[in-house]
Amino acid sequence: MWLSQLLERNRQCFPDRTALIDDHRSVTWAELHDRTARLARGLAGLGIRSGDRVAVLSLDRIEVLESYFALARIGAVFVPVNHSLLGPEVTAVAERTGASAVIGEAALLDRHPDLPVGLRIAFESEEFARLAATPDPAPLPVVPDDAVAAILHTSATTGQAKGVTVDHASFRAIALGWLASAAPADDMVMVNCCPLYHGSMVVSLTYMAAGATVVLMPGFKPQKALTAIEEHRATHVWLVPQMLRFMLQARTLRSADLSSLREVLYGAAPMPPEVYAEAAERLGCGFRHVYGMTEVGGPFVTLGPAEHPAPGDGLPEVLPAGRVIPGMSVRILDTDDSELGPDAIGEVVVRGPGIMHGYWNDAAATAEVTVDGWIRTGDLGFVDGAGRVHLVDRRKDLIIRAGQNVYPAEIERALRAHPAVLDAAVVGIPDPDYGEVPLAYAVAARGTQPAELMSHLAGQLAPYKRPRRIELIDEVPRNPAGKILKKLLRA
């Protein structure tokens with residue numbers, strides 16, 4: 001079983017190296033191995049068995065990963081829950097997955113007193129401390145690699161989140177393929193700015209597999225992230241582009257010592273060229289793009305530092321997403337599910353040992369995203385002659401104006417190129433003459449007028465691509481992963 005083997009290998013190779021750090025404490029690999037084994041036996045003593053689903057509700061902290069590893073060691077299924085969800089949404093997750101227990105932070109558990117579970121354990125409680133010190137030497141069960149390890153919920157930018165079932169073999173396949181591409185050194189320290197409750201947490205598990213020290217952040221604050229990089233001499237930081245933008249705006253950036261940084265890993269949303277240009281100049285380190293999907297097991301395409309522009313070089317409008325990692329395969333399909341050749345735009349589909357078993361108890365939804373063993377990503381893109389995947393837009397966001405394809409991402413990039421625009425989003429709206437036309441939303445500096453932005457676009461885009469109108473808003477709605485919530489804008 002991969003997650004247990006990960007701990008056993010790192011205890012053997014790096015027993016005294018720090019494995020995890022949070023705001024309260026740190027643990028070595030030997031301590032993490034032994035503590036999760038004791039916790040696993042303690043949870044089994046409470047009646048949690050192989051196949052049982054256990055919800056985990058918490059901000060990022062060491063106990064979250066301890067719980068994941070402990071549950072995996074007895075064959076139970078961990079179900080991370082987004083801590084920002086409201087009561088009915090958390091209840092829906094527990095009911096959908098049939099969770100028998102919930103583990104998490106006391107304050108968050110107190111917000112949801114009516115969860116339909118038989119067992120509640122707070123990280124801060126004496127009970128959790130006792131479980132993590134269980135002396136029982138009984139052997140832990142052997143869990144097969146094809147056993148479900150987790151139900152990870154999608155980021156739900158369009159509707160109700162779906163529970164993605166992934167097994168231990170998926171974690172192993174993605175980790176080994178990613179590490180073969182990224183070729184990390186043995187002394188990594190990674191500051192993880194992304195939440196541990198959905199597929200992005202696979203990035204942390206992957207770097208842990210290489211023996212990295214992972215620093216956990218209980219919610220992103222730019223100045224705190226900079227402090228963590230400096231204090232722990234971090235070599236890597238994992239974030240979304242909006243987080244990087246906020247870090248560049250932080251007052252302490254100029255005085256922070258970030259000389260230890262080797263790579264900024266970023267994903268979940270396109271990197272604005274101006275943010276990359278400033279970050280490359282000011283941080284002086286490499287950048288690695290992470291393209292992943294929960295249904296595919298996590299990150300499966302990467303663009304490494306050598307393929308990013310050097311500071312001061314002319315920036316392309318859009319960077320490629322990168323090349324697929326070893327073990328996984330990518331194709332581009334047309335609307336008839338026929339494979340397209342190089343440079344032709346179609347839907348990106350993925351196959352390999354990292355892909356999900358399916359959506360939990362939802363065969364119909366699973367069938368919608370699979371085609372002959374391939375997973376539909378919902379992304380439109382192409383593969384160039386060098387084997388690099390390029391992303392164009394989300395398939396569901398494509399606007400067809402009088403038979404012509406209009407890609408919202410292209411309009412958003414053009415808007416963000418205006419010096420007064422801080423952020424932008426574009427959706428399609430019905431039109432009696434053309435079927436559908438773009439509507440743009442922009443966050444802009446005070447005093448900026450829509451007419452000024454329309455004039456700017458006139459020099460950037462063909463007439464059929466230009467939005468019907470531009471509305472100024474205070475903030476583009478995004479989920480915690482940094483993805484635009486276009487369902488709110490359409491509403």
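Data table
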| item | result |
| --- | --- |
| Test: residue in the range 30-45 that is part of a loop (DSSP other than H, G, I, E, B) and of a type outside the set (Gly, Ala, Ser) | no |
| Qualifying residue in the range 98-113 (condition: in a helix (DSSP H, G or I), touching a residue at least 40 places away in the same chain (Cβ under 8 Å), out of contact with any Leu (no Cβ under 9 Å at 6 or more places or on another chain) and closer than 18 Å to residue 360 by Cα) | no |
| Number of positions in the range 434-446 that are in contact (Cβ under 8 Å) with a residue 24 or more places away in the chain and assigned to a loop (DSSP other than H, G, I, E, B) | 2 |
| Near pairs, Cβ below 6 angstrom, 6+ apart or cross-chain, from the range 240-260 (in the same structural domain as residue 299 (by TED's automatic domain parsing) and aromatic (Phe, Trp, Tyr)) to any residue that is buried (at least 18 other Cβ atoms within 10 Å of the Cβ) and modelled with pLDDT of 90 or more | 246/222 |
| Yes/no for residue 95 being in a helix (DSSP H, G or I) and either under 22 Å from the mean Cα position of the chain (by Cα) or of a type in the set (Val, Ile, Thr) (or both) | no |
| Qualifying positions in the range 8-32 - of a type outside the set (A, V, I, L, M, F, W, C) and either on the phi > 0 side of the Ramachandran plot or out of contact with any Ser or Thr (no Cβ under 9 Å at 6 or more places or on another chain) (or both) | 8, 9, 10, 12, 22, 23, 24, 25, 31 |
| Qualifying residue in the range 319-327 (condition: buried (at least 18 other Cβ atoms within 10 Å of the Cβ), within 27 Å of residue 256 (Cβ to Cβ) and not assigned by TED's automatic domain parsing to the domain that holds residue 241) | yes |
| Answer from 226, 196, 176 - the residue that is under 15 Å from the mean Cα position of the chain (by Cα) and modelled with pLDDT of 90 or more | 196 |
| Qualifying residue in the range 228-235 (condition: surrounded by fewer than 18 Cβ atoms within 10 Å (Cβ to Cβ), among the β-branched types (Val, Ile, Thr) and part of a helix (DSSP H, G or I)) | no |
| Residues satisfying the stated conditions in the range 46-92, i.e. part of a loop (DSSP other than H, G, I, E, B) and among the aliphatic types (A, V, I, L, M) | 46, 48, 59, 74, 76, 85, 86 |
| Residue in the range 300-310 that is farther than 28 Å from residue 357 by Cα and in contact with a Gly (Cβ under 6 Å, 6 or more places away or on another chain) present | yes |
| Test result for residue 99, at pLDDT 95 or above and either of a type in the set (Gly, Ala, Ser) or in contact with an Asp or Glu (Cβ under 8 Å, 6 or more places away or on another chain) (or both) | yes |
| Test: residue in the range 125-147 that is crowded, with 24+ Cβ neighbours inside 10 Å, under 30 Å from residue 364 (Cβ atoms) and either assigned by TED's automatic domain parsing to the domain that holds residue 49 or in contact with a Ser or Thr (Cβ under 7 Å, 6 or more places away or on another chain) (or both) | no |
| Unmet criterion (only one of (1) part of a strand (DSSP E or B); (2) polar (S, T, N, Q); (3) farther than 26 Å from residue 171 by Cα) for residue 259 | (1) |
| Spans of strands (runs of 3 or more DSSP E) in the range 322-425 with at least 2 residues more than 25 Å from the chain's Cα centre (by Cα) | 399-401, 404-406 |
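Okay, residues lined up against (1) in contact with a His (Cβ under 9 Å, 6 or more places away or on another chain); (2) crowded, with 20+ Cβ neighbours inside 10 Å:
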site	(1), (2)
15	yes, no
24	no, no
27	no, no
33	no, yes
39	no, yes
43	no, yes
46	no, no
55	no, yes
64	no, yes
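The values are calculated or read from the model by the stated rules, or taken from the named source; none is laboratory data. The model shown is predicted, which means the values in this text are computed figures rather than measured ones. Note that we place each Cβ from the backbone using ideal geometry, even for glycine, and neighbour counts take in every protein chain shown.
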